[in-house]
Amino acid sequence: MLKLVGKDLLAARWILLCGAAVLSLYSLQPFFSAGFILAAGGALALAGQATVFFLEDRNKTEILYLSLPVSRASIVGARYLLGAVLLAAGGAMVFGIIGWAGALMHVPRPAGGFPGLLSIEAAALFFPLTAFFLSLYLPFYHRFGFGRGTLLFTAAGVLCAALGAAGLKAALSDAFASGGGEAVIFGAVRVLRLSLGTPLFVLAAAAAVFIPFLVSLFLSTRFYARREF
Amino acid sequence: MDCALEIKDLSKSYSPSGRLTRPAPDSAGSGGGFHLNEVSFSLPRGYIMGLIGPNGAGKTTIIKLILNLIRRDGGEIRVLGLDNIAGEMEIKSRLGFVHDTPFFYEHLTLADVRKTVAPFYRDWDDACFRRLAEEFELPLGKRFKTLSRGMKMKFALAAALSHKAELLILDEPTSGLDPVFRRELLRKLSAFIQDEGKSVLFSTHITSDLERIADFITFIRGGRIVFSSPRDRILGAWVVVKGGPELLAAENRPLFKGIRQSACGVHALTAEADEARRRFGREAIVETATLEDIMFFMSKGNGHA
């Protein structure tokens, strides 16, 4: 699986590095809120995965790798490993480069009730949400291929985001009336953290990352085993 | 007999909406679908087999089934003595494959493309790859997309030959290539099987290539095997009879596998060379059929005009 991830990173390295560099430099501007940067980091991880799939689709290398001594399960597993790598890279960029460098350079951020990038709440939002969307994308990709899979994922992703936002708005209508969306979401996460206690909260956040990933991996493996090329 | 490839009663059907195969009108399609019907043939170790047939006959489907890129509906495929599904990893590590269009990352240099393939083979021989790259004059620093089709094929062949493959499968490797490169490729394949444990399955519709190097010919049409025999036996048995309309007499028709009639006369194909010479030796010209003749005469329906 590592070899497959290695060839993906080799093939897409310049595009991924350019994306990361542009986002890092851009996000150091003071007018972006922490919430925007979290979303941009997550989008970068997703776009990175889609870029790898795009290159694979454009060059039809999937057929090449299915002709090599590589099992279909390994190919699927490698895509999840790549997703995890991109998630970690997105996290490293958001919390490491942008968060840390921003703090060091005293880049002012619009606060809006947000405690800042370098917080457990920010991490607890970034990793599970990004992992959720990656987990949503991959079964579509393995079932329908790049073109249709990406299109259907986009539709499903927008639907999930809209439903999530509507649900939050309904549940926290009073809070939304008194403050901005970013602050309300953050406030809710903070309340959750305080009520669970930090260790249990971190554990719950980790479960929110891994459970969708594992369910998604199971589905993708089944879908891919049935695909014909 | 020790076989590199054994296929028994292989079947595969696509529905009319199947996205993978678009059979030609004269191919295996019936009602818009595609059916590979109980295909059986075997390739002994140390030989080259040509897999021929018109477009849409099922050649690529057979190769995809061998590689487990698509699932068979029935039958059995044994590659290097192993079932192609149960022993998939072992088989693929001992198999070299060249697609009709080489599928590599086009924006990478050849040196980088090598890095995306070599680690997957346990027996990758980098010295062999470099030697072949030099022999084929492959510019390793150039991007794959800048190469000509011939050079791309050379790279694919170099990659397929650099991991001590025991069976080489080539799907239409010579289509669209100039005669110089085609000769070079055929020479390379002949050299490859000098080691008697190695074999080649070569799918093509450029039959002249096979007349040069193939030991066995398998002809598939409409998803069915027409014949699978040693080349010399085929070329010895099949003849084209060229004569006048009297060839079309009712008693002669069962002898012919295909008939073409034109203003110049009647040309008919038969697999019974001795009988054709006995019957028509004096009144018609009886010529040894080429593989192209056989494909041409048999490519339409039941072959009769």
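Only a single item in (1) part of a helix (DSSP H, G or I); (2) surrounded by fewer than 21 Cβ atoms within 10 Å (Cβ to Cβ); (3) touching a helix residue (DSSP H, G or I) at 6+ places or on another chain (Cβ under 8 Å) is not met by B:Gly176, and it is number (1). For the residues A:Arg143, A:Arg193, A:Arg222, the requirement of being of a type outside the set (Phe, Trp, Tyr), surrounded by 16 or more Cβ atoms within 10 Å (Cβ to Cβ) and under 30 Å from B:Ile85 (Cα atoms) singles out A:Arg143. Note on the range A:63-77: among residues that are within 20 Å of A:Leu134 (Cα to Cα) and surrounded by fewer than 21 Cβ atoms within 10 Å (Cβ to Cβ), the one that is farthest from the other protein chains (Cβ to nearest Cβ) is A:Gly77. Quick check on B:Arg122: is it touching a Ser or Thr at 6+ places or on another chain (Cβ under 7 Å) and surrounded by fewer than 23 Cβ atoms within 10 Å (Cβ to Cβ)? It is true that B:Arg122 is touching a Ser or Thr at 6+ places or on another chain (Cβ under 7 Å) and surrounded by fewer than 23 Cβ atoms within 10 Å (Cβ to Cβ). Scanning the range B:75-126 for residues that are assigned to a strand (DSSP E or B) and not basic (Lys, Arg) yields a total of 11. Considering the range A:50-74 alone, what residues qualify as being in contact with a His (Cβ under 9 Å, 6 or more places away or on another chain), in contact (Cβ under 8 Å) with a residue 12 or more places away in the chain and more than 23 Å from A:Leu17 (Cβ to Cβ)? Residue satisfying the conditions is A:Ile63 alone. Note on the range B:186-208: residues that are farther than 16 Å from B:Met49 by Cβ and either at pLDDT 80 or above or polar (S, T, N, Q) (or both) total 5. Taking the range B:210-305 and the helices (runs of 4 or more DSSP H) fully enclosed by it, no element has 3 or more residues that are of a type in the set (Val, Ile, Thr). No other residue among B:Phe136, B:Phe155 is in contact with a Pro (Cβ under 8 Å, 6 or more places away or on another chain), over 30 Å from B:Val226 (Cβ atoms) and more than 10 Å from chain A (Cβ to nearest Cβ) apart from B:Phe155. In the set (1) touching a His at 6+ places or on another chain (Cβ under 8 Å); (2) more than 8 Å from chain A (Cβ to nearest Cβ), B:Thr109 fails one condition alone, (1). Quick one: count up the residues across the range B:127-150 that are surrounded by 19 or more Cβ atoms within 10 Å (Cβ to Cβ) and not in a loop (DSSP other than H, G, I, E, B). Residues in the range B:127-150 being surrounded by 19 or more Cβ atoms within 10 Å (Cβ to Cβ) and not in a loop (DSSP other than H, G, I, E, B): 4 in total.
Among the residues of this structure, A:Ile98 does not count as one that is of a type in the set (A, V, I, L, M, F, W, C), in contact (Cβ under 8 Å) with a residue 40 or more places away in the chain and either within 14 Å of another protein chain (Cβ to nearest Cβ) or surrounded by fewer than 20 Cβ atoms within 10 Å (Cβ to Cβ) (or both).
Let's see how each residue does on (1) more than 13 Å from chain B (Cβ to nearest Cβ); (2) at positive phi; (3) at pLDDT 90 or above:
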residue: A:Cys18; (1), (2), (3): yes, no, yes
residue: A:Ile37; (1), (2), (3): yes, no, no
residue: A:Ala45; (1), (2), (3): yes, no, yes
residue: A:Leu55; (1), (2), (3): no, no, yes
residue: A:Ala84; (1), (2), (3): yes, no, yes
residue: A:Ala92; (1), (2), (3): yes, no, no
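Residues in the range A:113-162 that are on the phi < 0 side of the Ramachandran plot, of a type in the set (Gly, Ala, Ser) and not in a helix (DSSP H, G or I): A:Ser119 alone.
Inspection of the range B:93-101 finds no residue satisfying the criterion of being within 13 Å of chain A (Cβ to nearest Cβ) and more than 26 Å from the chain's Cα centre (by Cα).
On inspection, B:Arg114 passes the criterion of being at negative phi, more than 10 Å from chain A (Cβ to nearest Cβ), buried (at least 19 other Cβ atoms within 10 Å of the Cβ) and not polar (S, T, N, Q). Tell me which residues, restricted to the range B:156-204, are touching a residue at least 24 places away in the same chain (Cβ under 8 Å), among the basic types (Lys, Arg) and over 17 Å from B:Ala4 (Cα atoms). Matches in the range B:156-204: B:Arg182, B:Lys188.
For the structure I just gave you, tell me whether A:Phe32 is touching a residue at least 24 places away in the same chain (Cβ under 8 Å), within 14 Å of another protein chain (Cβ to nearest Cβ) and buried (at least 17 other Cβ atoms within 10 Å of the Cβ). Judged against the criteria, A:Phe32 is not a match. Residue pairs whose Cβ atoms lie under 8 Å apart, separated by 6 or more positions or on different chains, with the first residue in the range B:272-290 and over 12 Å from B:Val240 (Cβ atoms) and the second of a type in the set (Asp, Glu), are B:Glu283/B:Glu246.
The values are calculated or read from the model by the stated rules, or taken from the named source; none is laboratory data. Since the structure is predicted, the reported quantities are computational estimates derived from the model, not experimental observations. No Cβ is skipped: glycine too gets one built from the backbone with ideal geometry, and neighbour counts run over all protein chains shown.
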